[in-house]
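Before any comments, here is the structure.
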Amino acid sequence: MSKKFPENQTRFSQRFTSDSGIVSLMEDLGQALNVNPDLLFMGGGNPARIRGFEDRIAIHLQQIARNPETLNKLIGIYQSPQGSEECIQALVKYFRKQCGWSVSEKNIAITSGSQSAFFLLINMLAQNGGGEEAQKKICFPIMPEYLGYSDQGIDHGTMLGNLPRVELLDKNQFKYHIDFSSLAVDEETAAICISRPTNPSGNVISGEEVEQLTLLAQRKGIPLIVDCAYGNPFPGVVYEQVESSWNENSIFVMSLSKLGLPGVRTGIVVAKEDYIEQITRVNTIMNLACGNLGPSLLTSLLNANELPGLCDEVLLPFYRRRRDFALKQIEKHMQGVPYRVHKPEGAFFLWLWFEGMPISSAELYERMKQKGVLIMDGEHFFFGLSDKNRHAYECIRLTYCQSEPVIEQAIRLLGQELKSVYELG
Ligand code: PLP
């Protein structure tokens, strides 16, 4: 619902209080997960509740709380501006050993969640400080992309999207590829940014696509930002083996959220020294210091060498099972509906395309809400485009983080609604 604010708003306030997809999404999430648990929540990006993971975290928390020294560090001391030294040292060891990256302590900064890391990065790189319109743009080579980026520019027009090439696959599937023929990277481009795996589509852009983007960015002397929220090195929700290799020209942004810890609000940026110094300063002015809980838990997990096992043996099999279950429900309940699912290669979403749907995905969202099912309509994920094509209004995103009965019931109700939309028997 659009809200009216006083007319004498500042430019900053106008910029950040207008309607925003991410605000609506988080309002829905709050309703479903905190206020009204009867809603069937197939919308936001909350990770699943995984007992095996929670149990390990509880043990680490107890160990931290039992020792007066570590307890004091957790609750009684402000973290250093760049982030917890112990956590950064443990991360350096991990990145060097597990990933083979040549990083040092100077290449890592901790932030309060990766959302805020993106706010800092996008505006550090693209904001012009002058007129209303951004002079420099952040280029998103493949739309749809994570809608949480779309309103982060202090200036209007900071984001520049590029529509993908669509490949139709067997078994009602399809896949997006970067359309390099229409990708405009020029003097106005401040950085290239991709999420890998991509939220919302579950796409994992190929190693060759990453290589091409890397070369493009290097040639223009701009960074390639890779959002690793769902991918490698952790939580590694990627169903096929992919390489991901950091270099001085890339900025990797990670998060503890999709590992199962959205409540600790911890993000990690891996970048060249100069960027880390800038992020550290801006972050300190904005937040003073980050919370200690995420870094304490991460340090404890890394020092016990438990992270790879948790990712490979607990999280990945869990999400794979849920993905396969959700796909089966779609097959079962959407027979006759002209649907396609994006090849689900990573993250924990199914991205559905209803070609030629008689209503928009926004209307489908409203109708499903009336039935007590929250889905995400796809339009918000296509941003920074001068022209959206019809496809942008024909897609929805479903999470498969809920329990099997919730997934089953929600997809059954969705199937019923779609059959009535398409006037099928
Ligand atoms: N990047 C992607 C692709 C996401 O989906 C999200 C959250 O949903 C974020 C970043 C931000 O996550 P957080 O701020 O919890 O680290």
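Worth pointing out:
- Contacts under 6 angstrom Cβ, first residue in segment 412-425 being within 15 Å of Leu352 (Cα to Cα), partner in a helix (DSSP H, G or I), 6 or more apart: Arg412/His333; Gly415/His333; Glu417/Arg367
- Matching residues, segment 379-398, being closer than 16 Å to Arg340 by Cα and modelled with pLDDT of 95 or more: His391, Ala392, Tyr393, Glu394, Cys395, Ile396, Arg397, Leu398
- Residue in segment 190-206 that is within 13 Å of the ligand (Cβ to nearest atom) and touching a helix residue (DSSP H, G or I) at 6+ places or on another chain (Cβ under 6 Å) present: yes
Residue by residue, here is whether (1) over 26 Å from the mean Cα position of the chain (by Cα); (2) touching a residue at least 40 places away in the same chain (Cβ under 8 Å); (3) buried (at least 17 other Cβ atoms within 10 Å of the Cβ); (4) farther than 24 Å from Ser244 by Cβ holds:
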{"position": "Gly30", "(1), (2), (3), (4)": "no, no, no, yes"}
{"position": "Phe41", "(1), (2), (3), (4)": "no, yes, yes, yes"}
{"position": "Pro47", "(1), (2), (3), (4)": "no, yes, yes, no"}
{"position": "Asp55", "(1), (2), (3), (4)": "no, no, no, yes"}
{"position": "Asn72", "(1), (2), (3), (4)": "yes, no, no, yes"}
{"position": "Tyr78", "(1), (2), (3), (4)": "yes, yes, no, yes"}
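- Reported count of residues in segment 1-53, each being closer than 23 Å to Phe383 by Cβ, of a type in the set (A, V, I, L, M) and away from the ligand (no atom under 16 Å from the Cβ), is 1.
To keep it simple, each residue is scored yes or no on (1) in a strand (DSSP E or B); (2) without any contact (Cβ under 8 Å) to a residue 60 or more places away in the chain; (3) within 16 Å of the ligand (Cβ to nearest atom).
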| residue | (1), (2), (3) |
| --- | --- |
| Leu216 | no, yes, no |
| Val226 | yes, yes, yes |
| Tyr230 | no, no, yes |
| Trp246 | no, no, no |
| Phe252 | yes, yes, yes |
| Lys258 | no, no, yes |
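- Qualifying residue in segment 70-87 (condition: among the hydrophobic types (A, V, I, L, M, F, W, C), in the same structural domain as Asp151 (by TED's automatic domain parsing) and within 21 Å of Ile225 (Cβ to Cβ)): no
- Restricted to segment 139-171, and to residues there that are among the polar types (S, T, N, Q) and more than 16 Å from the ligand (Cβ to nearest atom), the residue that is farthest from Val341 (Cα to Cα) is Thr158.
- Counting only helices (runs of 4 or more DSSP H) that sit wholly inside segment 289-388, those with at least 3 residues that are in contact with a Phe, Trp or Tyr (Cβ under 8 Å, 6 or more places away or on another chain) and buried (at least 20 other Cβ atoms within 10 Å of the Cβ) are 316-333.
- Condition met for Phe95 (within 16 Å of the ligand (Cβ to nearest atom) and either at pLDDT 95 or above or of a type in the set (Phe, Trp, Tyr) (or both)): no
- Condition check for Arg397: within 19 Å of Pro200 (Cα to Cα), of a type in the set (D, E, K, R) and touching a residue at least 24 places away in the same chain (Cβ under 8 Å): yes
- Against the numbered list (1) of a type in the set (Val, Ile, Thr); (2) touching a strand residue (DSSP E or B) at 6+ places or on another chain (Cβ under 6 Å); (3) more than 30 Å from Trp351 (Cβ to Cβ), Ile59 comes up short only at (2).
- Residue in segment 106-117 that is touching a residue at least 12 places away in the same chain (Cβ under 8 Å), out of contact with any helix residue (DSSP H, G or I) (no Cβ under 8 Å at 6 or more places or on another chain) and away from the ligand (no atom under 16 Å from the Cβ) present: no
- Output for segment 260-269, where each listed residue is in contact (Cβ under 8 Å) with a residue 40 or more places away in the chain and either surrounded by fewer than 24 Cβ atoms within 10 Å (Cβ to Cβ) or part of a loop (DSSP other than H, G, I, E, B) (or both): Gly260, Leu261, Pro262, Arg265, Thr266
- Qualifying residue in segment 86-104 (condition: under 30 Å from Val166 (Cβ atoms) and surrounded by 14 or more Cβ atoms within 10 Å (Cβ to Cβ)): no
- Residues in segment 278-288 that are touching a residue at least 24 places away in the same chain (Cβ under 8 Å) and away from the ligand (no atom under 15 Å from the Cβ): Gln278, Thr280, Arg281, Val282, Thr284, Leu288.
- Of the strands (runs of 3 or more DSSP E) lying entirely inside segment 134-199, the ones with 1 or more residues being surrounded by fewer than 17 Cβ atoms within 10 Å (Cβ to Cβ) and not assigned by TED's automatic domain parsing to the domain that holds Leu25 are found at 165-169, 173-177.
The values are calculated or read from the model by the stated rules, or taken from the named source; none is laboratory data. The structure presented is a predicted model; accordingly, all values stated were derived computationally and were not measured. As a convention, Cβ positions derive from the backbone with ideal geometry for all residues, glycine included, and neighbour counts pool all protein chains shown.
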